[in-house]
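Since the structure comes first, as structure tokens, the remarks are kept for the end.
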Amino acid sequence: MARLPKLVYVYDPLSFGPLSIIEAAEGICRVVWVMDYSKPEAAATARLVRKFGPVVDSSDGDVVRVAAAVRELEPDGVLSMHDGDLLWTAELAELLQLPFHSRETALKLTDKSAQRDALALAGLAVPMYRIIEREADAAAIADIATTFTYPAVLKPRFGQASRDTLPISCASELQLTLAQMRERPDWQPEDYVLEEFVPDASTDLGGTGFAGFVSVESVVENGHVEHAAISARTPFRWPFRETGYCTPTALSPELQTDVLRVAGEAASALGVTIGCLHTEIKLTDAGPVVIEVNGRPGGGMSEMLERAAGFSILRTALRLAVGDPVGLTGPIACSRIGYLLYVFPETDVEWIDSVEGLPKLREMDGVDEIVLVRGPGKRIDWREGSEAHVFHLMGTTGNHDELRRLIEATVTLVHIAGHNEVAQSANGADRGPLPGSPRSPDLPESPRSSRYRTAAN
């Protein structure tokens, strides 16, 4: 039997699970695990994966030491599929002289400022933006706030899953929101991007019942970009939380062509030569606008494509990393519509009291799996973005109408109850709504609910 190549995989609990990696690697590569033991659950995971390959501790962040340790194992490839590790992994790959994103490209894939500059330089449409640095005082914030054009979107310069992403309608709201955020007990100083809100299209370009927002899964091999799939979005939860995806989409053939063209131009603009990309694109009357390019597969996309077409983005990423020719000619033909739906309480609450009706939902045709993420007694915080959902479900349907009925069933069959606690200041006085709590920003709303909007930045 031929020797399988060795892949150095920089693991993070927020990316693909270890068992998914182990299963996908079968017949492709042997995995050398690089893990930060200081992260939650990492030590327990290390005990599990050690049965399937060597584990190197990276908790000290010393990339030179880690490179020396894994070099002795004679690796053939390097891979990370977590945004926060891409730049560190690019440095590791450079030390090992193995293919991965260059450090310059990794920076552009994780720093929203560097990425927007690169896209604009290549001639792509980019929303106007300003950086609000973590050290910015009230005067600096006021200068930015009073010279910006609204409505706008405030988001972390480095971040994912719509974490702490908020609509901003005016200068005073920006100043108040930042001041309140800095008062939070869990506040971690970081740079923010204030970005022009990209206007929604005047018609349902995404299809009836779907957001005017899509994402593209791309495969880059030797600098050549091919696209595996376009996925649609269900309407966004306030403020910009994703509630679900499906593939194939209901886009017109002409619009699909435009979307894929823009995704390919974005990949080239960022200098990507290898790997899998997840590009988020907003559909507007003026054409598709790139909102963000991620240097890894989209969360849940691999499982969704496997259900719809038998194609694994995860296995493809592993093959690319160890130099196994992929030769994709996309998009992949799907026999069914694969979906992943995130379900939230009808009204935002801080604590979940009960979740009823999941067995009935599970009995519906097309539902393969339901995962309860936050059951009774669990805290839920909308600031965590799409990750802060109560449960998610996965499966396939025969057409988009069947999917629409299934989406409706997540509301009619399942009932989620919860409650809030009053936000108080350090001295116990009520200090009003939490920063960015639900109000009525001057941004378009979906007719389905005031908590959902048709598209997002």
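The values are calculated or read from the model by the stated rules, or taken from the named source; none is laboratory data. Here the structure is a predicted model, which is why all the values come from computation and not from measurement. In this analysis, Cβ positions are derived from the backbone assuming ideal geometry, glycine residues included, and neighbour counts consider all displayed protein chains. What goes into the accessible areas is simple: the full protein's heavy atoms, side chains included, and nothing from ligands, DNA or RNA. Shrake-Rupley method; radii C 1.70, N 1.55, O 1.52, S 1.80 Å.
Odds and ends about this structure:
- Test: residue in the range 36-56 that is open to solvent by 70 Å² or more (accessible area, probe 1.4 Å) and among the aliphatic types (A, V, I, L, M): no
- In the range 383-405, residue farthest from Glu363 (Cα to Cα) [restricted to those that are open to solvent by less than 10 Å² (accessible area, probe 1.4 Å), of a type outside the set (S, T, N, Q) and at pLDDT below 90]: Gly385
- Enumeration of residues in the range 167-191 that are open to solvent by 30 Å² or more (accessible area, probe 1.4 Å), at pLDDT 90 or above and touching a Gly at 6+ places or on another chain (Cβ under 9 Å): Glu190
- The listed residue being touching a residue at least 24 places away in the same chain (Cβ under 8 Å), within 24 Å of Leu341 (Cβ to Cβ) and assigned to a loop (DSSP other than H, G, I, E, B), out of Phe210, Phe158, Phe148: Phe210
- Matching residues, the range 68-88, being closer than 15 Å to Val31 by Cα, open to solvent by less than 10 Å² (accessible area, probe 1.4 Å) and assigned to a helix (DSSP H, G or I): Val70
- The residues of the range 279-304 that are open to solvent by 10 Å² or more (accessible area, probe 1.4 Å), within 16 Å of Glu242 (Cβ to Cβ) and not in a loop (DSSP other than H, G, I, E, B), listed by number, are Glu280, Glu292, Glu303.
- Boolean, Pro239 is in a loop (DSSP other than H, G, I, E, B), closer than 25 Å to Pro13 by Cα, modelled with pLDDT under 95 and not hydrophobic (A, V, I, L, M, F, W, C): no
- Consider the range 80-131 and keep the residues that are of a type in the set (Asp, Glu) and touching a residue at least 40 places away in the same chain (Cβ under 8 Å). The one that is nearest to Cys276 (Cα to Cα) is Asp83.
- Of the residues making up the range 9-27, those that are buried (at least 20 other Cβ atoms within 10 Å of the Cβ) and among the aliphatic types (A, V, I, L, M) are Val10, Ile21, Ala24, Ala25.
- Glu41 being farther than 23 Å from Ala106 by Cα, in contact (Cβ under 8 Å) with a residue 24 or more places away in the chain and out of contact with any Gly (no Cβ under 9 Å at 6 or more places or on another chain): yes
- Residue within the range 307-315 that is among the small types (Gly, Ala, Ser) and open to solvent by 20 Å² or more (accessible area, probe 1.4 Å) present: yes
- Hey, Phe148 in contact with a Leu (Cβ under 9 Å, 6 or more places away or on another chain) and either at positive phi or open to solvent by 10 Å² or more (accessible area, probe 1.4 Å) (or both) or not: yes
- Leu270 vs. criteria open to solvent by less than 20 Å² (accessible area, probe 1.4 Å) and either farther than 25 Å from Phe16 by Cβ or touching a Phe, Trp or Tyr at 6+ places or on another chain (Cβ under 8 Å) (or both): no
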